[in-house]
Amino acid sequence: MHVVRRLSLLLFCATAVLGWASRCFGQFETSAVLGSVLDAHSAVVPRARVVLENQETGVAQTTETDERGVYQFLEVRVGRYTVAVEASGFKRAETQEFRVEVGARQRVDVSLELGEVTQTVEVTDAGTIMQSESSDRGEVISHEETANLPLNGRSTAALALLAPGVRLAYGLPKRESSFNVSGMRSQFNDFILDGLDNNAYGTSNQGLSNQVIQLSPDAVQEFKVITNSFSAEYGRVGGAVVNASVRSGTNQWHLTVWDYFRNTDLNAVGFFKPTSGQKPVYIFNQFGGAGGGPIRKNKMFVFADYEGFRRIQRSLTFASLPTMSQRVGDFSGMAVIDPFSGSPYPNGIIPKSAQSKFGSTVFSQLPAVNLPGNTNNFESLPPSPDDDNKGDIRYDHYLSEQDCCILAL
């Protein structure tokens, strides 16, 4: 029995690792870096060695140019990179640092000079700003924007409103990630997280979210709101594609903590002041932390984040309750009809014999009225707590230049 359990556990772990490792290929959130290597006379340089290095993790990929002097790296994560090119009879060329955005096809052309390979030439402005290699059009929201721009409620998707043609969905102010793009309904948007479908397909999610996973702003590397001319890999969408990437660890340890709060002592009473003079209670805390770094530099990285939400609210509420005399059957001045005989009770008083035990028990459990009249005669500050927790852990292991393993919870 113990052997069977161990074999089952090993099989499960192996399946999970292989499944996650396969995610490293063909993810929609990954980008591409491509370009041409030319000499000083704009002639192509075939079989040149090209190295793409991530400046944050130190992970490098290597390839060679083909007969046309063209190279490409198809599995590139979001980040800051440099390209180095070496070829026989030419000086080694290295570009300045450039940024690769989520889902981009970044062109980096390099021109070589005659000389020894031991000599190095720095190539400036190699990474083009214009995205000429992709048809889609949209807006990239960087990590600095998601972490630093004011966000009421810390909903990252709210920053999609920075893109042209995007507005909040009419009539759905409480649904997270609900917005109209180019006049389309909010259901026609497509949310992708690290290459996986992140759409909430439930038909009863009013007041919740259009996304299954709502990341904390400090856990988002960046995301892109693609509004038209989508590439072929995107489907089922008529509004926008929101392509997001989760942060991962780098060669430097970093940690961020936060706490956003509101407190009753800092709040105004409000327009309707309770007769008791007690201020409505509103205590709000949204707190958490995010951090990561290297387990082994250039090879293994970890990133984790957590966000907690705590809200205690006591809002002024009015209700209509039976008065104390009505609870014992005294409805003086009101016409009360006996449901069995159809005759009115004399003077609006229901005799004790006609009162049910269940009704008397219910009335005895009700709080006493504290305002005059028969309607809106009870005011209170009922508690309305709201607690929520979310977070994730990500582990990246680069097995080689071509292979990587990603585990995420």
Practice prompt. Could you please let me know if residue 329 is more than 30 Å from residue 272 (Cβ to Cβ) and either in contact with a Leu (Cβ under 6 Å, 6 or more places away or on another chain) or touching a residue at least 40 places away in the same chain (Cβ under 8 Å) (or both)?
Written response: no
Worksheet item: Are any of the residues in the stretch 233-253 surrounded by 13 or more Cβ atoms within 10 Å (Cβ to Cβ), in contact (Cβ under 8 Å) with a residue 12 or more places away in the chain, in a helix (DSSP H, G or I) and not charged (D, E, K, R)?
Response: no
Practice prompt. Within the stretch 18-41, identify whether any single residue is closer than 26 Å to residue 402 by Cβ, buried (at least 16 other Cβ atoms within 10 Å of the Cβ), modelled with pLDDT of 90 or more and β-branched (Val, Ile, Thr), and answer yes or no.
Written response: yes
Discussion item. When the residues of the stretch 139-198 are narrowed to those that are of a type in the set (Phe, Trp, Tyr) and outside any helix (DSSP H, G or I), which ends up farthest from residue 284 (Cα to Cα)?
Written reply: 191
Worksheet item: Could you say whether any residue in the stretch 265-288 is within 30 Å of residue 57 (Cα to Cα) and of a type outside the set (Phe, Trp, Tyr)?
Response: yes
Worksheet item: Which of the residues belonging to the stretch 296-324 are modelled with pLDDT of 95 or more and either in a loop (DSSP other than H, G, I, E, B) or β-branched (Val, Ile, Thr) (or both)?
Response: 302
Discussion item. Condition first: at positive phi, more than 12 Å from the chain's Cα centre (by Cα) and in contact (Cβ under 8 Å) with a residue 12 or more places away in the chain. Can you find one or more residues in the stretch 216-228 that meet it?
Written reply: no
Fill in: Some residue of the stretch 362-381 being surrounded by 12 or more Cβ atoms within 10 Å (Cβ to Cβ) and of a type in the set (Ser, Thr, Tyr)
yes
Item to complete: Identify, from the list 292, 333, 277, the residue that is within 30 Å of residue 397 (Cβ to Cβ) and either outside any loop (DSSP other than H, G, I, E, B) or over 38 Å from the mean Cα position of the chain (by Cα) (or both).
Response: 292
Practice prompt. Report yes if residue 3 is modelled with pLDDT under 50 and among the β-branched types (Val, Ile, Thr), otherwise no.
Written response: yes
Item to complete: Could you tell me whether the stretch 323-344 includes any residue that is in contact with a Ser or Thr (Cβ under 7 Å, 6 or more places away or on another chain), surrounded by 14 or more Cβ atoms within 10 Å (Cβ to Cβ) and over 30 Å from residue 245 (Cα atoms)?
Response: no
Worksheet, complete the sentence: Given the conditions (1) under 30 Å from residue 193 (Cβ atoms); (2) surrounded by 14 or more Cβ atoms within 10 Å (Cβ to Cβ); (3) not small (Gly, Ala, Ser), every one holds for residue 281 apart from (1)
Discussion item. If the requirement is being aromatic (Phe, Trp, Tyr) and more than 29 Å from the chain's Cα centre (by Cα), which of these qualifies: 90, 98?
Written reply: 90
Discussion item. Cβ-Cβ distance below 7 Å, separation of 6 or more or different chains: which pairs start in the stretch 274-295 with a residue that is farther than 30 Å from residue 147 by Cα and end on one that is buried (at least 17 other Cβ atoms within 10 Å of the Cβ)?
Written reply: 274/316; 280/314; 280/316
Item to complete: Look through the stretch 382-409, keep the residues that are assigned to a loop (DSSP other than H, G, I, E, B) and either modelled with pLDDT of 90 or more or of a type outside the set (Ser, Thr, Tyr) (or both), and return whichever of them is surrounded by the fewest Cβ atoms within 10 Å (Cβ to Cβ).
Response: 409
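The values are calculated or read from the model by the stated rules, or taken from the named source; none is laboratory data. In this text, all values refer to a predicted model and were calculated from it rather than measured experimentally. Using ideal geometry, Cβ is built from the backbone for each residue, glycine included, and neighbour counts are taken over all protein chains shown.
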